[in-house]
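Colleague: Questions regarding the structure given below will be posed in turn.
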Amino acid sequence: MDSQNPNNPLGDLFSSIKCYIDLRIDEIKLALAENLAKIFSRIIFFFLLFILIGVVLGIAAAALASWLTVLTGNHTVGLLLTAVLFLIIILVLFLFKDRFLINSPLRMFLKMFFDDSKNGKGK
């Protein structure tokens, strides 16, 4: 039995299965490439965002320290009050780190990889 014979249904079946498997592999590769592109673009976006936030926070801290210096009349007290404010913010972020730093990115990645609604498989 020759699988190249056009009258061979078994050969056609194997050819169709091979074609189907190749298409599924291509679909998986494309989905992986899309998700990796999304991940890298979000990493770059958040990296740039954190740099900009750091610059803004630095300027805001300098302005706050300067303002507190004028209010208190002592440069050291103004700087210390600014440091205490940032320590309180760090403490609050540390206490809620699971909510902000773990759960949100986890939901984002799970949605990115397992969201089947865009493929027509969802609701």
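Colleague: How many residues, within the range 35-71, are of a type in the set (Ser, Thr, Tyr) and at pLDDT below 90? Walk me through it before giving the result.
Modeller: Step one: list which residues in the range 35-71 are of a type in the set (Ser, Thr, Tyr), which gives 41, 66, 69.
Now restrict to residues that are at pLDDT below 90: 41.
Going through the range 35-71 one residue at a time, the tally reaches 1.
Colleague: Just give me the residues in the range 85-108 being at pLDDT 70 or above and of a type in the set (Phe, Trp, Tyr), in sequence order.
Modeller: Phe86, Phe94, Phe96
Colleague: Within the range 56-68, is there a residue that is assigned to a helix (DSSP H, G or I) and either of a type in the set (D, E, K, R) or exposed (fewer than 10 other Cβ atoms within 10 Å of the Cβ) (or both)? Let's see the steps before the verdict.
Modeller: Keep residues of the range 56-68 that are assigned to a helix (DSSP H, G or I), which gives 56-68.
Narrowing further to those that are either of a type in the set (D, E, K, R) or exposed (fewer than 10 other Cβ atoms within 10 Å of the Cβ) (or both): none.
No, because not a single residue in the range 56-68 is assigned to a helix (DSSP H, G or I) and either of a type in the set (D, E, K, R) or exposed (fewer than 10 other Cβ atoms within 10 Å of the Cβ) (or both).
The values are calculated or read from the model by the stated rules, or taken from the named source; none is laboratory data. No experiment lies behind these values; they were computed from the predicted model shown. Positions of Cβ are backbone-derived with ideal geometry, glycine not excepted, and every protein chain shown enters the neighbour counts.
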